Amino acid sequence: MVRGNENSNRYKITCPNCGHKKIEEMPTESCQFFYECENCKKVLRPKEGDCCVYCSYGTVPCPPIQENKYCC
(Lines give C-alpha, C1' and ligand atoms only; values in the text may rest on other atoms or scores of the structure.)
Protein backbone atom coordinates (compact mmCIF):
# COMPACT_ATOMS: atom_id res chain seq x y z
CA MET A 1 0.00 0.00 0.00
CA VAL A 2 1.31 3.44 -0.92
CA ARG A 3 -0.09 6.31 1.09
CA GLY A 4 1.00 9.91 1.25
CA ASN A 5 -0.35 10.42 4.76
CA GLU A 6 -3.16 9.13 6.97
CA ASN A 7 -5.78 11.25 5.18
CA SER A 8 -4.66 10.23 1.72
CA ASN A 9 -6.32 7.77 -0.64
CA ARG A 10 -3.39 7.57 -3.02
CA TYR A 11 -2.60 4.11 -4.33
CA LYS A 12 -0.53 2.61 -7.10
CA ILE A 13 -2.33 1.39 -10.22
CA THR A 14 -0.50 -0.76 -12.77
CA CYS A 15 -1.38 -0.98 -16.45
CA PRO A 16 -1.60 -4.66 -17.48
CA ASN A 17 -0.85 -3.69 -21.09
CA CYS A 18 2.52 -1.94 -20.68
CA GLY A 19 3.34 -2.32 -16.97
CA HIS A 20 3.37 1.43 -16.30
CA LYS A 21 2.76 2.24 -12.62
CA LYS A 22 1.38 5.46 -11.25
CA ILE A 23 0.17 6.66 -7.88
CA GLU A 24 -3.36 8.02 -8.22
CA GLU A 25 -6.08 9.34 -5.93
CA MET A 26 -8.70 6.64 -5.42
CA PRO A 27 -12.30 7.86 -5.20
CA THR A 28 -13.90 7.05 -1.85
CA GLU A 29 -17.56 7.68 -2.68
CA SER A 30 -17.82 6.05 -6.11
CA CYS A 31 -16.26 3.38 -8.29
CA GLN A 32 -13.93 4.25 -11.12
CA PHE A 33 -14.90 2.11 -14.11
CA PHE A 34 -12.38 3.51 -16.61
CA TYR A 35 -8.75 4.54 -16.35
CA GLU A 36 -6.52 5.65 -19.22
CA CYS A 37 -2.87 4.70 -18.90
CA GLU A 38 -0.79 7.83 -19.40
CA ASN A 39 1.99 5.76 -21.00
CA CYS A 40 0.28 3.55 -23.62
CA LYS A 41 -3.14 5.30 -23.63
CA LYS A 42 -5.02 1.99 -23.20
CA VAL A 43 -8.34 2.48 -21.44
CA LEU A 44 -8.58 0.00 -18.57
CA ARG A 45 -11.87 -1.48 -17.43
CA PRO A 46 -12.46 -3.69 -14.38
CA LYS A 47 -11.83 -7.40 -14.76
CA GLU A 48 -14.93 -9.60 -14.74
CA GLY A 49 -16.15 -9.88 -11.16
CA ASP A 50 -14.40 -6.69 -9.99
CA CYS A 51 -16.31 -3.46 -9.38
CA CYS A 52 -13.65 -0.95 -10.44
CA VAL A 53 -10.18 -0.52 -11.94
CA TYR A 54 -8.63 -0.20 -8.46
CA CYS A 55 -9.97 -3.63 -7.48
CA SER A 56 -8.49 -5.06 -10.69
CA TYR A 57 -5.20 -3.17 -11.11
CA GLY A 58 -4.53 -1.28 -7.89
CA THR A 59 -2.37 -2.16 -4.91
CA VAL A 60 -5.52 -2.40 -2.76
CA PRO A 61 -9.23 -2.78 -3.52
CA CYS A 62 -11.59 0.19 -3.31
CA PRO A 63 -12.80 1.43 0.13
CA PRO A 64 -16.24 -0.28 0.05
CA ILE A 65 -14.64 -3.65 -0.71
CA GLN A 66 -12.01 -3.06 2.01
CA GLU A 67 -14.90 -2.51 4.45
CA ASN A 68 -16.78 -5.62 3.19
CA LYS A 69 -19.58 -3.45 1.83
CA TYR A 70 -21.40 -3.58 -1.50
CA CYS A 71 -19.69 -1.55 -4.17
CA CYS A 72 -21.52 0.03 -7.09
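The values are calculated or read from the model by the stated rules, or taken from the named source; none is laboratory data. Small disclaimer: the values here were computed from a predicted structure and weren't measured. Here the Cβ positions follow ideal geometry from the backbone for every residue, glycine too, while neighbour counts run over all protein chains shown. When the accessible area is computed, the model is the full protein with side chains, heavy atoms only, and any ligands, DNA or RNA have been set aside. Shrake-Rupley method; radii C 1.70, N 1.55, O 1.52, S 1.80 Å.
Among (1) 1.14; (2) 0.98; (3) 0.95, only one was calculated for this model; which label is it, if the read-out is Rg/Rh (Cα atoms, Kirkwood Rh)? Structure-derived value, by its label: (3). GNM on the chain, alpha-carbon springs under 10 angstrom: the most fluctuating residue among Gly49, Gly19, Gly58 is Gly49. Based on DSSP H segments of at least four residues, each scored -39500 (n - 2.57), the chain has a per-residue ellipticity at 222 nm of -2000 deg cm²/dmol. A simple spin-label model places the labels of Lys47 and Glu67 2.5 nm from each other, with each point 7 Å out along Cα-to-Cβ.
Accessible area per residue for the chain in Å², computed with a 1.4 Å probe and the full protein assembly in place, what is it?
Counting only protein heavy atoms, the per-residue value for the chain is 66 Å².
What percentage of the solvent-accessible surface of the chain, computed with a 1.4 Å probe over protein heavy atoms, is contributed by carbon and sulfur atoms? That fraction is 45 percent.
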